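Novice: Let me begin by handing over the structure; questions about it come next.
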Amino acid sequence: MSFDQAIRNAFKNYVNFNGRACRSEYWYLVLFYALMSALILTPLWPLGLVLDLAVMLPLLAAACRRLHDTGRSGWYLLVGLAPAVGSIILIIWMCEPGQAGLNQYGAAPGAPYTSAPTHAAAPAAQAGAWKLVGLAGPAQGLIYTLRPNSASNIGRSGSCAVCVGDTAGVSRIHCALRPLAGGVELTDLGSTYGTFLADGQQLPPNFPATLRSGDRFYLGSPNVMFRLERG
């Protein structure tokens, strides 16, 4: 990630403490923060002070996402409060490479969503299994096999069975699918922008609707559309 991309991404995710940040994104932001802080030592110190304060929050958020990239909770930032060694430990962690693919905090920064679906397509021998087909959005063209009698969550979180990454209009854990004998139950899990059937009907939170093969639904907007299939 280039310097200007890192700064734009940091301010785009100004108070976003979810997801992951690569090393270059974090360290370029640290450099930008240092440059802004240096202005305080010049006649432009009022401007430097304002910019310094403006960058502190996105820097904190980026540090949290950087820890996520290494597989650690953002709460590990508190290690920096330990006298002497705390800052050294944090610097070492911030210099570590990120985990490949998905971890519990989401997809690796810059990784294409189509490269590693969390539910692989089922073998052909699993006749009659329910499948979720991505029609629009980050999951377009992907096919996920749903586990019988088990809930599969869809959302931005890397812990979801179907992770759509940092997609606008989709909550961290948006909705759940549960295959049953007569169809698949779709339940909105209190999402911010709602879960809708193809005809535009919005599902009330935590009240499951039963879908059949061929039924479509979307998250937030038709730009994130799925279809259920059996066979």
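The values are calculated or read from the model by the stated rules, or taken from the named source; none is laboratory data. For clarity, every value in this text was computed on a predicted model and none was experimentally measured. When we count neighbours, we look across all protein chains shown, and the Cβ atoms used for this are built from the backbone with ideal geometry, even at glycine. Accessible surface is based on the protein model in full, side chains and every heavy atom, while ligands, DNA and RNA are left aside. Shrake-Rupley method; radii C 1.70, N 1.55, O 1.52, S 1.80 Å.
Novice: Which strands (runs of 3 or more DSSP E) sit wholly inside segment 152-192 and have at least 2 residues that are without any contact (Cβ under 8 Å) to a residue 60 or more places away in the chain and open to solvent by 10 Å² or more (accessible area, probe 1.4 Å)?
Specialist: So the answer is 175-180, 183-188.
Novice: What tally of residues in segment 57-87 results from selecting those that are exposed (fewer than 12 other Cβ atoms within 10 Å of the Cβ) and farther than 23 Å from Gly158 by Cβ?
Specialist: So the count comes out to 4.
Novice: Turning to a different aspect of this structure: Consider Thr210 against the criteria (1) open to solvent by 70 Å² or more (accessible area, probe 1.4 Å); (2) of a type in the set (S, T, N, Q); (3) modelled with pLDDT under 90: it satisfies all of them except one. Which criterion is unmet?
Specialist: Condition not satisfied by Thr210: (3).
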